[in-house]
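What follows is one structure encoded as structure tokens, with my remarks underneath.
All of the numbers you see were taken from the coordinates with simple rules; none came from a lab. Owing to the predicted nature of the structure, the values given are computational and were not obtained by experimental measurement. All Cβ positions, even for glycine, are placed from backbone atoms using ideal geometry, and neighbour counts span all protein chains on display.
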Amino acid sequence: MSTTHTIVVNRQSHQVTVDHYETPLLYVLRDDLRLKGTRFGCGNGSCGSCTVLVDGHAQRSCELPMWSVEGKSITTVEGLGTLDRLHPLQRAFIDFQAGQCGYCLSGIIMTAAELIGSGGEPSREKIVAALDANLCRCGAHTRIVKAIEAAWKASATGVVR
Amino acid sequence: MNPAKLPWSVEENPRLSQWVDFSEPGIARVFSAKVELGQGIVTAIAQIAAAELRLPMSKVVVVSGDTRSCPNESYTAGSMSIEVGGTSMRMACAEARRAIVERAAIMLNADQSSIAAEGGLILLDGAPSKLDYWNVAREIDWQLPISGRAPFAALANSTSLGKSIARLDLPAKVTGASFIHDFELPGMLHGRVLRPPSYGARLESLDTSAVKNLPGVVKIWRSGDFVGVCCDHEYQAVKALEGIGAGARWSESEVSADSRGWRELLPTLRSIDSETEAGERPTTLKNLRQLSATYSRPPIAHASMAPSCAVAVYDQQGLTVWTHSQGVFPLRGALANALGIDESHVAVIHKQGAGVYGHNAADDVALDAALLARQVPSRPVRIQWTREDELAWSPLGSPMVIKIEGTISPTGDIVDWSSQIWSGPHGQRPRPHGPVNLLAAAHLDPPIPFPEAYEVMSRFAGGARNSEPAYDLPHRKIVLHSLPGLPFRTSALRTLGGYANVFATESFMDELADAAGVDPVEFRLRYLSDPRARRVIETAVKLAGWPLNGERGKGRAAGIGFARYKNSAAYVAVIVNVEVDRDVRVSKVFAAVDAGLVINPDGVVNQIEGGIVQSVSWTLKEQVLFDGRRVTTRTWDQYPILRFDEVPELAVELIERPDSRPLGVGEAAQGPAAAAVANAVARALDVRVRDLPITRERIVAAGTAQ
């Protein structure tokens, strides 16, 4: 049975109709709204590739049925920044060349976006703890942590490039 | 300095027009069949082309992995992309620039020595002339063969070569769409394929009545044991696959894929043997002592972050496939064979996927997409595998057993070294004009069964990679037992046999050093005359401050591993620090690398870092398990990989050799890193674990046995 839902994605309101009431947000983002920066990795929330912000909190979009995000505000990597207006995190990932294949990065960046947005003192331990459920197969971990730390420090001190 | 011999890629694709094109004003388009796998090759190729053409990188466009326009360079594999593909591009672009200078001299009626081609302009006596590269290019016969003798640009003068240029593909990847998974064509359908529950399972019956009426289902197609579905939207396809799975009745059989005890199992299997022997045993030494040890590695999964994906369309032009395959040309041939169509009607175009570390399911899913696209002519079809199928059905890195025997004198001189290796095939990639090795082909009616291992059983077989120790040994004998009949599909995984062979060889070097009571670094240096090998070890030692935590059995120690990948690519020495409490924790890793001429230093460091981390993951955590019928490690919980809180600190030092030829690095660190971890654990616990992965259970078992 098809159902219709209103969601706010990257500050824009959308009404979408899905055939299956449990259709995960991930498929709506990619297939209906054509926001393909949010990626499928496993389908059961264990790799973090599909992470988006839902009302400011990092969540796995592959596991979020549409009914659960009704009326909520969602931010994807496209909403964080664009090629000509990079978010400090995106900027830092490029500066540190923090990635190899890059498939895991948008989910990691969104996880980091919640961490940075929550304020607090930047620390490597907090970053590693926040990334506990994000996987990277190419082994870019140390660069990723450094990039997030730099972006966090820059935003904590107001020095955003 | 130009190499004396033309690289393979140039021999196969000798004409300039196959490599470079100036038909669009302001742009130099270069063509390479080496594709981006996350290793930064496209950026490196652009750096090379820009340097040799003396153009800013913004004026160079790399066309990569397209059978319609690129030279056939076969696979992007074996750490050969810079060595062969990069050197070929360098020759092609140096030759192109020389041709431009020569033609410009004629057009300007000037002496060649007064002409320079710089930044797109033709300079005459240092001043801009009326000509640029593009109007000169129109007057050149681009069918010219590449001689390989046009002089290379000097590294010192280049703004791109040897510089840590940022990856060209990274900005798109941190801001939005950029992968094959994100590629969309008008009218594209989304499909899924049902895989059998186990090896050898047969589809007895299929009831699709409930699925046919689901929303968006456009086509369900069955052939033999293969069932695919195409839908308007992706989640419709997910639901349709669930329904198809529920309506399928399979008969299964035991295939004796048993994951208990590879070290016991592999030597009992049918094998094809080959042997190499070199040197003479010294006869004068007395009181010799013999050591023997057997090591093993389990099957390892590629475990790419993304499930494999492909898009295909069948129309009047024939079949067009977009793929993240590592070899668009071999895949084109394999698809044509599997589908029974002429290769000239197939175009294969590379699109980036998640990191692939060898022969994963990229080629398999391309056939899935082609098969289903044929059922819905003119409509593009996108197929994506499930996470479970990706872990269970991608070809695996083969299990291996390595038994080494060594003889030493009382003063620690190695008198004799002999090893036996049991390994399944590592080189079963699809071949363009040979057997089809694509998953779906084996499930069709009529099936095209998986070929028996066609990897040549010789010293070129992947199982033999790095089986020859890099040390100066008086006598050595290597016997390779190739196992063609493993009950599951194995093929190329990063390093092929190199990872396990270096793990075994370097573990055994430590065992010999211990028996002789010699420091493992000093012991290695005794047997290394190659100054480049010595230098990486000495550099790593300096970085790490060896000897660290020298006392045995205290739970903390350092270990070393060294190899020259393939005995012909980059030299890498790795020293790790481990702490063993309940589990093994690798806290720090120091690596020294000699990769000859380096095109992009940060790119090399990134590859080495990634290689180390992946190797630590393989070494401490990874093994594909079976229950007698099927792979049971199908989720990230069942097949865990190294997590952020388990990743060591890394320090990598490159030894600069700008006058040497470039040496591949993508697979150079894995073997040394594994050995360093094993040697450090052995020292920390005074217990040697010879069966990978080094888990808590394995440590306990090894401790009980020793």
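Numerical summary
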read-out: Sites B:Ser17 and B:Thr704, calculated FRET efficiency, Cβ-Cβ separation with R0 60 Å, nearest 0.05; value: 0.35
read-out: Burial ordering of A:Cys50, B:Cys231, A:Cys136, fewest other beta-carbon atoms within 10 Å first; value: B:Cys231, A:Cys50, A:Cys136
read-out: Distance histogram for region B:359-423 (every C-alpha pair counted, 10 angstrom bins, percent rounded to whole numbers); value: 17, 24, 18, 13, 13, 10, 5, 1
read-out: Other protein chain Cβ atoms within 10 Å, averaged over every residue that makes up A:33-41; value: 6
read-out: Length gained when the stretch B:Val518-B:Arg138 is fully extended (0.36 nm per residue, less Cα-Cα span); value: 130.0 nm
read-out: Chain B: antiparallel DSSP beta bridges as a percent of all, rounded to 5; value: 75
read-out: Taking B:Val63, A:Val28, B:Val605, A:Val77 and counting other C-beta atoms within 10 Å, the order from fewest to most; value: B:Val63, B:Val605, A:Val28, A:Val77
read-out: Theoretical FRET efficiency, 1/(1+(r/R0)^6), r = Cβ-Cβ of B:Asn567 and B:Lys212, R0 56 Å, to 0.05; value: 0.45
read-out: Cα Rg, Dmax, region B:529-581, angstrom units; value: 12.9, 38
read-out: Around B:Leu291: net Lys/Arg minus Asp/Glu count, Cβ-Cβ under 9 Å; value: -1
read-out: Global geometry of the protein assembly as shown, whether rounded, prolate or oblate, following the gyration tensor of its Cα atoms and the 1.5 cut on a/c; value: rounded
read-out: For region A:3-79, convex hull of alpha carbons as volume per residue, Å³; value: 75
read-out: Positive minus negative residues near B:Glu36 (Lys, Arg vs Asp, Glu; Cβ under 11 Å); value: +3
read-out: Where labels lie 7 Å past Cα in the beta-carbon direction, separation of B:Ser58 and B:Val255 in nm; value: 5.5
read-out: For chain B, size of Cβ-based charge dipole, Lys and Arg +1, Asp and Glu -1, in debye; value: 280
read-out: Approximate spin-label separation B:Ser205-A:Glu121, in nm, with each point projected 7 Å along Cα-to-Cβ; value: 6.9
read-out: Estimated FRET transfer efficiency when R0 is 25 angstrom, pair A:Glu70-B:Ala246 (beta carbons, to 0.05); value: 0.30
read-out: Summed residue charge, Cβ within 13 Å of B:Tyr499's Cβ, Lys/Arg positive, Asp/Glu negative; value: +1
read-out: Among A:His20, A:His57, A:His141, residue whose mean-square fluctuation peaks in a GNM of chain A (springs only between Cα atoms under 10 Å); value: A:His20
read-out: For A:Thr157, B:Thr635, order by how many other beta-carbon atoms lie within 10 Å, fewest first; value: A:Thr157, B:Thr635
read-out: Where only C-alpha atoms are counted, convex hull volume of region B:8-172 per residue in Å³; value: 117
read-out: DSSP bridge pairs, the protein assembly as shown: antiparallel proportion in percent, nearest 5; value: 75
read-out: Fully extended contour minus Cα-Cα distance, from B:Asp530 to B:Ala4, at 0.36 nm per residue; value: 187.1 nm
read-out: Peptide A:143-150, shielding by other chains (average Cβ, 10 Å cutoff); value: 1
read-out: Rg/Rg_ref, chain B, where Rg_ref = 2.2 N^0.38 Å and atoms are Cα; value: 1.01
read-out: Student exercise, chain A dipole from Lys, Arg, Asp, Glu Cβ charges, in Debye to nearest 20; value: 560
